[in-house]
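> Encoded as structure tokens, here's the structure I'll be asking about.
The values are calculated or read from the model by the stated rules, or taken from the named source; none is laboratory data. These figures come from a predicted structure and were not determined experimentally. Every residue, glycine among them, receives a Cβ derived from its backbone with ideal geometry; neighbour counts consider all protein chains shown.
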Amino acid sequence: MSEPRYKIVFDGALQPGVDLTTAKLDLADLFKSDVAAIERLFSGRAVALKRDLSHSDAQTYLQALNKTGIDARIETETAIELSLADVHENPAAVTEPDSPYAPPRASVGENMPPFAALKPFSVEGRIGRLRFLAWTMVLSLVTLPIVGVFALLALGLVSGDSTTGLIIGGIVAFFLFIGFLIVSILFSVQRLHDIGWSGWLWLLNLVPFVGGFFPLVIMVVPGNSGANRYGPPPPPNSTAVKVLCSLWIVFLALIFAGGILGGFSAVQQEYESNLESSYDSGSVNTDEIEVEVEPPAISADDAAEAAQPPVDSAKE
């Protein structure tokens, strides 16, 4: 009968008072291995650190392993076991073999990417607040020049005393408005998805009074930081998104300044109009105007003659 063989078994346990990090470093130094490979030994499953040993050799190895702080033990060698070499060469070998008596396993949920793909012209996906404002700014910058060009063409045709330009301009403006509305709805739906709300809530914009402040709610409420029922979160904002979003500040500042200047201009025109109307409605009474008439100039001879008493013709 052959001499029984022994193995050194370790299941991740440490001796009392031993730090886990220190034990891993000492064990890696003992086996002349890297810490990443030693990490696999602390999975909680029993692993044979050394096998096919005599009892005396097993005691020697056990003493050396105990100095690293791990709680290893000696067991009798069996036919099928894992060794430290198997851990180094094939990490997948540490996993338990399939057994007909093992409980069924199923993956809970699907593996989702860290960020969702951007789909500007879709009702699927999510966008954050800054990207919503940036995309809306791009839509405005693209639409305004097109509207301006067609407006100039329509005015040019109308100036020729033709209603054709007016009809064409109206049709083009209608289709541009429909396109702008559809794209803006898609942006709003993705913004609602980012908050975790249904895209059908966009219809609140059509409700009186509620539709006045609901777009502000969409721009203010933050989105979910992680994945929700509409997918993973949107990717981080790029520099272009931040620049386009900041253009709204410039745009609103120009509108505010234009409103102030327009108000001052309206007040000035109203004042000038009232002043002109007061001049036009006032009547001038010539009887009340005093005119100072200077007496005619009299010579010295005329003055002396006027001073003499009149001559009575009867006495003469």
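> Would you tally the residues in segment 73-85 being surrounded by 13 or more Cβ atoms within 10 Å (Cβ to Cβ) and modelled with pLDDT of 80 or more?
3
> A further question on this structure: What single numbered condition from (1) modelled with pLDDT under 90; (2) closer than 30 Å to Leu144 by Cβ fails to hold for Leu203?
Going through (1) modelled with pLDDT under 90; (2) closer than 30 Å to Leu144 by Cβ one by one, Leu203 breaks only (1).
> Kindly evaluate Leu166 against the criterion of being farther than 13 Å from Val123 by Cα and free of Cβ contacts under 8 Å to residues at least 12 places away in the same chain. If you could, list the steps in order and put the result at the bottom.
Working: farther than 13 Å from Val123 by Cα: yes; free of Cβ contacts under 8 Å to residues at least 12 places away in the same chain: no.
Against the criterion (farther than 13 Å from Val123 by Cα and free of Cβ contacts under 8 Å to residues at least 12 places away in the same chain), Leu166 does not qualify.
> For Val35, which of the numbered conditions (1) free of Cβ contacts under 8 Å to residues at least 24 places away in the same chain; (2) touching a strand residue (DSSP E or B) at 6+ places or on another chain (Cβ under 9 Å) fails to hold?
With respect to (1) free of Cβ contacts under 8 Å to residues at least 24 places away in the same chain; (2) touching a strand residue (DSSP E or B) at 6+ places or on another chain (Cβ under 9 Å), Val35 is out only on (2).
> If only one of Leu144, Leu155 is modelled with pLDDT under 70 and more than 30 Å from Ala227 (Cα to Cα), which one is it?
Numbers: Leu144 fails: modelled with pLDDT under 70.
Just a single option satisfies the conditions, and that option is Leu155.
> Pro208 - would you say it is exposed (fewer than 10 other Cβ atoms within 10 Å of the Cβ) and touching a Gly at 6+ places or on another chain (Cβ under 9 Å)?
On the way: exposed (fewer than 10 other Cβ atoms within 10 Å of the Cβ): yes; touching a Gly at 6+ places or on another chain (Cβ under 9 Å): no.
Answer is no for this residue.
> In segment 216-242, what residues are in contact (Cβ under 8 Å) with a residue 24 or more places away in the chain and assigned to a helix (DSSP H, G or I)?
Passing the criteria: Ile218, Met219, Val220, Ala240, Val241, Lys242.
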